[in-house]
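Please read the structure below before turning to the comments.
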Amino acid sequence: MIPLSWYLIVSAALFCIGLFGVFARRNAVAILMAIELMLNAVNINLLAFWRYRTPTEPIGLAWSIFVLALAAAEAAVGLALVISIYRERDTVIAEELDTLKY
Amino acid sequence: MLTFMTFFPLIGVALILLLKPFNRESDELIKRIATGTSIVTFILSLVVLGMYNRADPGLQLVGRAVWIDVLNIQYYMAVDGLSILMVLLTTLISMLATAGSWTGIEHQVKQYFVFMLLLEAGMLGVFLAQDLFLFYIFWEFTLVPMYFLIGIWGGARRVYASIKFFLYTMAGSLLMLLAILYMGLSNDTFAVPELVAGRSAFAAAQNWLFLGFAIAFAIKVPLFPFHSWLPDAHTEAPTAGSIILAGVLLKMGTYGFMRFNLPLFPEASVTFAPTIAVLAIIGIIYGAIVSFAQTDVKRLVAYSSVSHLGFVMLGIFSLNNLGLQGAILQGVNHGLSTGALFYLVGVIYEKRHTREMSDFGGIWRAMPIFSALTLIITLSSMGLPGLNGFVGEFTILMGSMGSEALGPYPWIYTAFATSGVILAAIYLLWMFQRVFMGPLDNPENQALRDVNWGQLAIILSFLVFIVWIGIAPSGYFALMDETVAALVRSIGSAVVAMP
Amino acid sequence: MNPQSLLPSVPEFLAILPEISLVILIVAVLAYDRILKPAERRRVGLLAAWGSIVILLITVGLWVLFREPEPNRSLVESLMWGGMIRNDLITLIFRVMFLVAVAIVSLISLDVPALQRGEYFALLLSATIGFSLMAAGSDMIMLFLAIETASISLYILTGFLTDDRRSTEAGIKYFVYGAFASAIMLYGLSLVYGITAQTNIYVIASLVAQSGAIPPEINGLFLLATVMIVAGFGFKISAVPFHFWTPDAYEGAPAPVTAFVSTASKAAGFAVTIRVFAAGALGAPNFDSEWWAMLVAITIVTMTLGNILAIFQSNIKRMLAYSSIAQAGYTLIGLVALTPDGSGAAMFYLLMYVFTNVAAFGVVVLVSRETGSDDMQDFYGLSRRAPYLALAMLFALLSLGGIPPTAGFIGKFFIFKAAVDAGLWWLALIGVLNAFIGLYYYLSVVKYMYLYRSDDEEERIPVSRAASVALALSVLGIIYLGIAAGPAFEWTRQAGAAFFPFSG
């Protein structure tokens, strides 16, 4: 069987890609996608831990389903906000959202 | 009884606020209610005086109840020899100040008198609270009405002055709060008598705690070099505000030293006594010298306060009977004399809308009664024998002369302080001369009318006490004798036990 | 729970009665919204407000009449629904805060035309469910779900005004930061699950307390998980350095929503934070643990930076945003004291902060509706334009600044006392210095309202009855907690003990 650490490395890599994406991308939709990547990394973690640590109880499994539901809800809300922004100013570039200034 | 007296002004506030729903609101009525309330409060304080037993050094007329059970915070009000005169002074000055602002306040009359009455309640609370937490609440609470009194009805730079006043005082208070917390925790109580009894629990940190309290009080007094808020606040405040500020609020500082610093940290008091005495003397001389340089009468009186309060501080930190008694009495004297001076300045400011000395001259001819009264009060402020100022200053100087706390040569302090008396005589007489003497050549001054009956009544009520204390001070001393003696004994025994 | 019986027992049912009632209320609000004519739109808000007041009465009534949640229950007895939630005094007190907040916020949003929609109030209530479960949750899965329920509702509420540039921008910023922070937190939670093979925080705590339960070689991983979780929680309570969203979201969101986010949401964040850390799920609650040092650093930076940045703001909502960051710092002092008293003081502080900040934002709502902006200049001469509004604002500001006799003073007193009690007098000193800085800018607003004049002093500001009731309630709360703090503090202190089931 593949050791647990392999899964964890994949998940950590995915998480870091997501993290990088949030900081590097300027398009709000791309940032959203990067966040989704991070959530998927969490899912890999949860499933791997479930399989290796608590195979008799479906804790991690149930949890990961909740995370999926959350990801869907976040995507819905996030895209709705993006659309309402786009309608108003024809842009979804993060830096151009600067009405609120320090 | 004390509780009833303290919160009585709030009944006046409630009445004033209720006028609107009943459609009876008018400035005239508000003024009447406010003045009436403060008169009744004064009478109540006389009743307290009647109930007060001068032979008992301890706390009297105790009102005590549990307030915040968990932390053992109590509602604890009582009066003793240190506070009885302060209470009388508060009610008297508040009464005169409220009555004295009958004509000077033109806008937002309702708010003004509400704040005056709130202030009176807060000040009484400060002098009566025997629980540190309760004391702190009253202490801070007095800031809010005073802030508005200066800020809304003050002079040209009122906004600046009010904020400076507020922040300065708060800065000191917050450090005091920390000290209060520390002490409260060490003994699991905030009641002052219990803390005095359980002093040993925080004796190790007492130098720091002493400073925590001392800075808060020193700012209030104000002790040099914490005085810079005072000239601004005094000058910009409306007349009644200045009267109360000088008459009562500054006494909260000196009272705090006597009520908290001395009994709670006697060893630290002895340690710091020379330092504070030196600062007090710098204050005396500095205040006097700066007074010379003033062209604004009100500012001059404000700086003279710094000088006078220096005497009070010197008296307190002589740490002996004479010094402390003189300090308390001088506190009252300063309240009366300086309060009266501010009132007089206010009267003339209302007529002429200027306070520059150069605008005046020869007022005696136009307003003989006013000028004569001013002369007496000026003389009292500089300590002429036969008037109140002399009694207080003399007692303090005697006290400092025989003080053991001030090192082997206490007479040096006395000598410097005495020079302050001389300086006071010079700058006050000089001021008097420039304003009242000389030719009456300014046409605006020629049109001045003398004081009316109402103003005369207020000035005379100040004068009655000024002369009374000057001629027969023994009755006043008798009120505090026992308490001060007990305090001095306790400091003495603590110091003897010092390693 | 008895695994054989499918029906919940009475205590289990009572434990989620407020949430059940809230769900019913949401359905009622949405249905009622459908049958209303356009002219009676504000009634939907009235229904939400009254409904939440009724639920508040039910919740408090259960406590007063039946002592439910029973304070003497052991930890095991108080864990309900298979350990998903814990029904204790903490839960009760936080529920009271949320319900008070949602009721008052509903009242002040009643007369804002853009907000008179069923969805708006339904979302407020669903966020409240989230908060309530955050306060009750004692299982990582439950906490995660509760946090997201609340957060997603709040993202929508923040961007609710779709034709207002600032509102949508605030919405998307809040959303991006929020989703990002919760993804990080979730990763941390999943690591904790992997390390301990448990999800219940109390089980984890007892496990962590055993020496050797976590092999030393993965200690670093556990610490990483802790950091990630701190980031997620720090976001909810807007602690520095996770505060970037706060000024933007507070400024752009509709003012009633800002009031809600700054009070209820923050309180809920604290409920979770204190529960997790005080229980010891991420290491024993003592001054040697790494997370403690981390939280202390966050506390100090949060107070100081919040206060200093607040000084420079010219927009009142932004100023209050930074002030709320600073206030979070004070509250954290209560947590890092790591004593039942400290946690109790933090709860008291949050309770008084609900009243105070709702009052402040309530005034901002009314003033900015009249002037059309939320610039500080709108407050010039407010005491002449609207004396009662100015008075309410004065009380709120005095309370924020910690001047007696308001609740804010007592709150700070309890917090600082707890810190000194725990030997952290230096932290109390920093807190006191910060309180002084804070006074400066709170006093500036007082100055604008009372000492400055403006040109449109003649224009009165209309105040609806609902709003005046809401403001009166908050001001009464401020004064009541300021003068008679005893019972409330006794209550929160008792609850504070429940945070620490494993010590003492």
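Worth pointing out:
- Residue check for B:Val196: within 24 Å of the chain's Cα centre (by Cα) and among the aliphatic types (A, V, I, L, M): no
- With respect to the conditions (1) surrounded by 23 or more Cβ atoms within 10 Å (Cβ to Cβ); (2) more than 9 Å from chain A (Cβ to nearest Cβ); (3) within 21 Å of the chain's Cα centre (by Cα), C:Tyr177 falls short on a single one, namely (1).
- Total residues in the stretch A:44-67, condition under 17 Å from C:Glu148 (Cα atoms) and more than 10 Å from every other protein chain (Cβ to nearest Cβ): 1
- Matching entry among A:Ala41, A:Ala28 (being within 7 Å of chain C (Cβ to nearest Cβ) and modelled with pLDDT under 90): A:Ala28
- Single condition B:Ala340 does not satisfy, out of (1) in contact (Cβ under 8 Å) with a residue 40 or more places away in the chain; (2) of a type in the set (A, V, I, L, M); (3) surrounded by fewer than 21 Cβ atoms within 10 Å (Cβ to Cβ): (3)
- Residues within the stretch B:58-87 that are within 14 Å of chain C (Cβ to nearest Cβ), in a helix (DSSP H, G or I) and touching a residue at least 40 places away in the same chain (Cβ under 8 Å), tallied: 1
- B:Gly125 fulfils the conditions (1) at pLDDT 90 or above; (2) surrounded by 23 or more Cβ atoms within 10 Å (Cβ to Cβ) except for a single criterion, (2).
- Members of the stretch B:185-205 that are among the aromatic types (Phe, Trp, Tyr) and touching a residue at least 60 places away in the same chain (Cβ under 8 Å): B:Phe190
- None of B:Ile243, B:Ile281 is under 17 Å from B:Val345 (Cβ atoms) and crowded, with 24+ Cβ neighbours inside 10 Å except B:Ile243.
- Failed criterion for B:Trp430 (all others in (1) buried (at least 17 other Cβ atoms within 10 Å of the Cβ); (2) over 25 Å from the mean Cα position of the chain (by Cα); (3) not basic (Lys, Arg); (4) not in a loop (DSSP other than H, G, I, E, B) hold): (1)
- Failed item in (1) surrounded by 24 or more Cβ atoms within 10 Å (Cβ to Cβ); (2) in a helix (DSSP H, G or I); (3) in contact with a Phe, Trp or Tyr (Cβ under 9 Å, 6 or more places away or on another chain), with C:Leu476 passing the rest: (1)
- Test: C:Ala49 is surrounded by fewer than 12 Cβ atoms within 10 Å (Cβ to Cβ) and part of a helix (DSSP H, G or I): no
- Residues that are facing chain C (nearest Cβ under 7 Å) and within 18 Å of C:Ala146 (Cβ to Cβ), drawn from the stretch A:68-102: A:Leu70, A:Ala73, A:Glu74, A:Val77
- Tally of residues being more than 22 Å from the chain's Cα centre (by Cα), surrounded by 13 or more Cβ atoms within 10 Å (Cβ to Cβ), more than 21 Å from A:Val22 (Cα to Cα) and polar (S, T, N, Q) across the stretch A:44-98: 1
- The set of residues in the stretch B:161-186 that are within 10 Å of chain C (Cβ to nearest Cβ) and of a type in the set (Phe, Trp, Tyr) comprises B:Phe166, B:Tyr182.
- Qualifying residues in the stretch B:344-384 (those that are in contact (Cβ under 8 Å) with a residue 12 or more places away in the chain and in a loop (DSSP other than H, G, I, E, B)) - the one nearest to B:Ala293 (Cα to Cα): B:Arg355
- Residue within the stretch C:351-365 that is out of contact with any Phe, Trp or Tyr (no Cβ under 8 Å at 6 or more places or on another chain), within 14 Å of chain B (Cβ to nearest Cβ) and either at pLDDT below 90 or over 20 Å from C:Arg493 (Cα atoms) (or both) present: no
Let's see how each residue does on (1) in contact with a Gly (Cβ under 6 Å, 6 or more places away or on another chain); (2) surrounded by fewer than 24 Cβ atoms within 10 Å (Cβ to Cβ); (3) farther than 19 Å from B:Gly125 by Cα; (4) basic (Lys, Arg):
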residue: B:Leu195; (1), (2), (3), (4): no, yes, yes, no
residue: B:Ala203; (1), (2), (3), (4): no, yes, yes, no
residue: B:Phe217; (1), (2), (3), (4): yes, no, no, no
residue: B:Lys220; (1), (2), (3), (4): yes, no, no, yes
residue: B:Trp229; (1), (2), (3), (4): no, yes, yes, no
residue: B:Thr235; (1), (2), (3), (4): no, no, yes, no
residue: B:Gly247; (1), (2), (3), (4): yes, no, no, no
residue: B:Gly253; (1), (2), (3), (4): no, no, no, no
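- Subset tally (residues that are surrounded by fewer than 24 Cβ atoms within 10 Å (Cβ to Cβ) and assigned to a helix (DSSP H, G or I)) for the stretch C:237-251: 1
- Taking the listed residues A:Phe15, A:Phe23, the one that is surrounded by 14 or more Cβ atoms within 10 Å (Cβ to Cβ) and either at pLDDT 90 or above or more than 8 Å from chain C (Cβ to nearest Cβ) (or both) is A:Phe15, with no other qualifying.
- When B:Val290 is tested against the conditions (1) touching a residue at least 24 places away in the same chain (Cβ under 8 Å); (2) surrounded by fewer than 24 Cβ atoms within 10 Å (Cβ to Cβ), the lone failure is (1).
- Condition met for C:Leu115 (of a type in the set (A, V, I, L, M) and touching a strand residue (DSSP E or B) at 6+ places or on another chain (Cβ under 6 Å)): no
- Filter result for the condition that a residue is touching a Lys or Arg at 6+ places or on another chain (Cβ under 7 Å), more than 9 Å from chain A (Cβ to nearest Cβ) and not basic (Lys, Arg), over C:Ile214, C:Ile237, C:Ile229: C:Ile237
- Any chance B:Gln455 is part of a helix (DSSP H, G or I) and crowded, with 17+ Cβ neighbours inside 10 Å: yes
- Only listed residue being touching a residue at least 24 places away in the same chain (Cβ under 8 Å), of a type in the set (Val, Ile, Thr) and surrounded by fewer than 22 Cβ atoms within 10 Å (Cβ to Cβ), chosen from B:Thr98, B:Thr90, B:Thr142, B:Thr103: B:Thr103
- Helices (runs of 4 or more DSSP H) (entirely within the stretch C:376-464) containing at least 2 residues that are surrounded by 22 or more Cβ atoms within 10 Å (Cβ to Cβ), facing another protein chain (nearest Cβ under 10 Å) and modelled with pLDDT of 85 or more: C:387-401, C:407-421, C:425-450
- Residue in the stretch B:401-418 that is β-branched (Val, Ile, Thr), touching a residue at least 24 places away in the same chain (Cβ under 8 Å) and within 24 Å of B:Val332 (Cα to Cα) present: no
The values are calculated or read from the model by the stated rules, or taken from the named source; none is laboratory data. Only a predicted model underlies this, so the values are computations on that prediction, with no experimental measurement involved. Please note: Cβ atoms are built from the backbone with ideal geometry, for glycine as well, and neighbour counts cover all protein chains shown.
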